[in-house]
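Note sheet for the following structure.
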Amino acid sequence: MKNLEPNKNCIKCIRLSNFRKENILKYPSYFNNPVSSFGSISSELLIVGLAPGIHGANKTGRPFTGDYAGILLYNTLIKFKFATGNYLPESSDNLNLKNCRITNAVKCVPPKNKPEMKEIKNCRMYLKKEIYCMKNLKIILSLGTVAHNSIINCFDLKLKDYKFSHGKYHIINKKIKLINSYHCSRYNTNTKRLSKKMFEENFKKIISYM
Ligand code: SF4
């Protein structure tokens, strides 16, 4: 959608823009641009992650596609009927989202997967625009604290009143609820911070709140 996504040469974050340039040289076959959201703007569910993974969305150009986190996320979406088709670690699979949109708090890959505060703040304008353009939005699922905090800031709410806690839901306004989940990263699943069962519990809640 026009103006919802950053320009492919966005230089608001100099460090991330330089990292993109480095990656173009290092991985010329990769996407290496800000990664646009996936799914319809008319959806009722929005999932917000952290940022593209270097060998995931930064490679394929689709959020959560190509790295480990996508396997758990997309297979869960298929199981709970928020997606049809089959997920493959490439954007040319036949997967389609249903009533669900996926984005990231930061649209460019950050070094070591760690965006800086000012980068999260810079990219928030796109997240905010997106949220306000989703006229049917009912539920936001935040994957991790960075996404959670950025969403709370999008609504100009106080973080101290909306603390991240896995499985918790927050009432944002009359229309929108926010559900917290640990990020579905390989690190969180390997360390058993997040299990498949815990992740699926969130989707059961989402369905019951819709
Ligand atoms: S992270 Fe967002 S604001 Fe920063 S350069 Fe990328 S698209 Fe622009």
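The values are calculated or read from the model by the stated rules, or taken from the named source; none is laboratory data. Just so we're clear, the structure is a prediction, and the values are computed from it rather than from any experiment. Because the Cβ atoms are built from the backbone with ideal geometry, glycine has one as well, and the counts that use them run over all protein chains shown.
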TODO: Have a look at 182, 169, 162 and point out the one that is more than 15 Å from the chain's Cα centre (by Cα), crowded, with 18+ Cβ neighbours inside 10 Å and either within 17 Å of residue 48 (Cα to Cα) or at pLDDT 95 or above (or both).
DONE: 162
Task: Cβ pairs under 7 Å, 6+ apart, first in the stretch 1-28 and free of Cβ contacts under 8 Å to residues at least 12 places away in the same chain, second more than 9 Å from the ligand (Cβ to nearest atom) and not in a helix (DSSP H, G or I) - done: 24/32
TODO: Select, from 76, 103, the only residue that is on the phi < 0 side of the Ramachandran plot, touching a helix residue (DSSP H, G or I) at 6+ places or on another chain (Cβ under 8 Å), within 14 Å of the ligand (Cβ to nearest atom) and hydroxyl-bearing (Ser, Thr, Tyr).
DONE: 103
Task: In the stretch 4-39, the residues that are more than 13 Å from the ligand (Cβ to nearest atom) and of a type outside the set (A, V, I, L, M, F, W, C) - done: 22, 26, 27, 28, 29, 30, 39
TODO: Check residue 93 against each of (1) crowded, with 18+ Cβ neighbours inside 10 Å; (2) on the phi < 0 side of the Ramachandran plot and name the one condition it does not meet.
DONE: (1)
Open item on the list: Please go through the stretch 181-203 and give me each residue that is free of Cβ contacts under 8 Å to residues at least 24 places away in the same chain and either out of contact with any helix residue (DSSP H, G or I) (no Cβ under 9 Å at 6 or more places or on another chain) or in a helix (DSSP H, G or I) (or both), ordered by number.
Closed with: 187, 188, 190, 191, 192, 197
